[in-house]
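Report on the structure given below.
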């Protein structure tokens, strides 16, 4: 049986993954918006690659798809963002769990400030113990 009309043939973006899964499951955008606690327009924007799900929506994206569609992190900043995305956490919650200041976490994740060796070891140990990338 061919895929439903409108299904992306190549899954290049998170929006492509979401659209393909939604159509394969026969779910309307309005119902998916309810699952994500967002609007139908937001789902449309994701599926049409106008915007991406917020980091704190990442855990729900993974739960909906049944797999992680996000790129594998290659930098320290990407590891921080990926951890929050997979866990569905906001900065303040991730920082609290890691035992660091939220402003520091934000500056490291955004690449605004270099992390000291002491904190890098602490964060790497934390990320290793909580999840693997």
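Taken over the stretch 96-133, residues that are surrounded by 12 or more Cβ atoms within 10 Å (Cβ to Cβ), over 17 Å from the mean Cα position of the chain (by Cα) and assigned to a helix (DSSP H, G or I) amount to 14. Pairs meeting the criteria (first residue in the stretch 16-33 and over 13 Å from residue 6 (Cα atoms), second residue not in a helix (DSSP H, G or I), beta carbons under 6 Å, at least 6 apart or on different chains) are 33/39.
Among the conditions (1) surrounded by 14 or more Cβ atoms within 10 Å (Cβ to Cβ); (2) at pLDDT 95 or above; (3) not assigned by TED's automatic domain parsing to the domain that holds residue 108, the only one that residue 55 does not satisfy is (2).
Residues that are farther than 25 Å from residue 92 by Cβ and touching a helix residue (DSSP H, G or I) at 6+ places or on another chain (Cβ under 8 Å) number at least 3 in the following helices (runs of 4 or more DSSP H) confined to the stretch 1-81: 14-25, 29-36, 40-47.
The values are calculated or read from the model by the stated rules, or taken from the named source; none is laboratory data. For clarity, every value in this text was computed on a predicted model and none was experimentally measured. Neighbour counts run over all protein chains shown; Cβ positions are idealised from the backbone, glycine included.
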